[in-house]
Structures are given as C-alpha cells and as structure tokens.
Amino acid sequence: MSPKIAGFLVILGVFMIVEWINLGFNLADGHPTGFYVVHGILIGVNVILGAVLAVIGWRGLREAGIRRRKEGAG
C-alpha cells in the first residue's frame, strides 16, 4: 500500500469516528425509540468501520516507513 493511500485511510477513519460521534451528540429529543435505536446502530457500525480503516492505514504507513528504511540501508 502506498503511503498516500495509507494516509488517506487514517484521515478518513478519524473523520468518520469524529463525525459519527458528533452526530450522536446532536440527535434531538422527541423522536420515537426506533429512531434512536436505528441511529445508535448506524453510529456504532460506522465508528467501528472508521477504527478499522484507521488501523489499516496506520499499519500501511508503518509498513511503508519500514520498507523505506530497508531500501535506504540496502
């Protein structure tokens, strides 16, 4: 994975986590219970997906750094 793609995945993952948690705090009162259940599930799934993307990107960045050091030393 290229460092650009890995960096994009980290940024996208962090953005997803921040955005969906923010949405959770901004849900207004007065909706039926089903509304909150559905949005709670959406928030949970998207936060998990954001974390997975960020971890994949972080591993890609770390791997690219290791690869770059090996090529520089060789």
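So here's what we get for this one:
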item: Per-peptide average of other Cβ atoms within 10 Å, ordering 28-37, 62-71, 46-55 highest first; result: 46-55, 62-71, 28-37
item: Convex hull per residue volume in Å³, alpha carbons only, for the chain; result: 59 Å³
item: Trp58, Trp20 arranged by Cβ crowding within 10 Å, fewest neighbours leading; result: Trp58, Trp20
item: Added length on full extension, which subtracts the Cα-Cα distance from 0.36 nm per residue, Glu71 to Lys4; result: 22.3 nm
item: Radius, Kirkwood style, for segment 31-74 when every pair of distinct Cα atoms is counted (Å); result: 13.0 Å
item: Degrees, to the nearest 10: 3-26 long Cα axis against longest axis of the chain; result: 20 degrees
item: Added length on full extension, which subtracts the Cα-Cα distance from 0.36 nm per residue, Phe35 to Ile21; result: 3.4 nm
item: Positive-end residue, segment 3-73 charge dipole about Cα centroid, Cβ charges, pick of Ile5, Val55, Gly72; result: Gly72
item: Total charge dipole magnitude, the chain, about the Cα centre, Cβ charges on Lys, Arg, Asp, Glu only, Debye to nearest 20; result: 620 debye
item: Full-extension gain in nm, Trp58 to Leu12, via 0.36 nm per residue minus C-alpha separation; result: 15.4 nm
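Every read-out reported here was derived from the displayed coordinates using simple, explicitly stated rules and does not represent laboratory data. All values reported here derive from a predicted model rather than from experimental measurement. A quick note on method: Cβ atoms are made from the backbone with ideal geometry, for glycine too, and the neighbour counts reach across all protein chains shown.
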